[in-house]
1. Tell me whether the stretch 69-80 contains one or more residues that are surrounded by 15 or more Cβ atoms within 10 Å (Cβ to Cβ), out of contact with any Gly (no Cβ under 6 Å at 6 or more places or on another chain), at pLDDT 90 or above and polar (S, T, N, Q).
2. Which ones in the stretch 127-144 are outside any loop (DSSP other than H, G, I, E, B) and either farther than 23 Å from residue 72 by Cβ or of a type in the set (D, E, K, R) (or both)?
3. From 57, 150, which residue is within 30 Å of residue 35 (Cα to Cα), in contact (Cβ under 8 Å) with a residue 60 or more places away in the chain and among the polar types (S, T, N, Q)?
4. Check 115, 110 and return the single one that is outside any helix (DSSP H, G or I) and either within 17 Å of residue 143 (Cβ to Cβ) or at pLDDT below 90 (or both).
Amino acid sequence: MKKKLLILTFIILLLSACKTQQEMEEEKENQRINEITKEVEKNTEISEEAKKWLIDNKATKVLTIFCMKTSSRCNKLKEEVKEYESKLKVYYIEMDETDDTTKETYKTTYELKEYTGYLPYVILVNNNKLIDYSNKITDIKDIKELLIKNKIVSE
């Protein structure tokens, strides 16, 4: 009986000392994000806002909407796109309110195909890979179609 109790105690101690697979994955992900953050923080020439955007783009799924503060269409999108913030990171960047250095960071981080300065211009990034973009967004339905097409949301 003592032997069984000792074995059972040993097994319980062993199991409680082991990390679960999920805990190990979370630890690995946190380490990856810390490394990304350290790399991005080295660039002292860009704004804190741009640094956060770069970190999120490298670490997760991000929807970025480049817009103008003076555009009524953009302002409407700004409010409507909030419904997707639970599915992915959403950045709404007012290019007319952004300094030139930060603006250049946004424009050159990814190869923005068909970007002519016409706004809104939307990009979808997953772990630092540009997976889709559009310069034909007119309303929230277009955003939803882009997210459905890329399997971020379902219909």
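1. Within the stretch 69-80, not a single residue is surrounded by 15 or more Cβ atoms within 10 Å (Cβ to Cβ), out of contact with any Gly (no Cβ under 6 Å at 6 or more places or on another chain), at pLDDT 90 or above and polar (S, T, N, Q).
2. 129, 130, 131, 132, 141, 142, 144 - these are the residues of the stretch 127-144 that are outside any loop (DSSP other than H, G, I, E, B) and either farther than 23 Å from residue 72 by Cβ or of a type in the set (D, E, K, R) (or both).
3. 57
4. Result: 115 is the single residue among 115, 110 that is outside any helix (DSSP H, G or I) and either within 17 Å of residue 143 (Cβ to Cβ) or at pLDDT below 90 (or both).
The values are calculated or read from the model by the stated rules, or taken from the named source; none is laboratory data. Note that this is a predicted model, so its numbers are computed, not measured. So basically every Cβ, Gly included, is an ideal-geometry build from the backbone, and we count neighbours across all protein chains shown.
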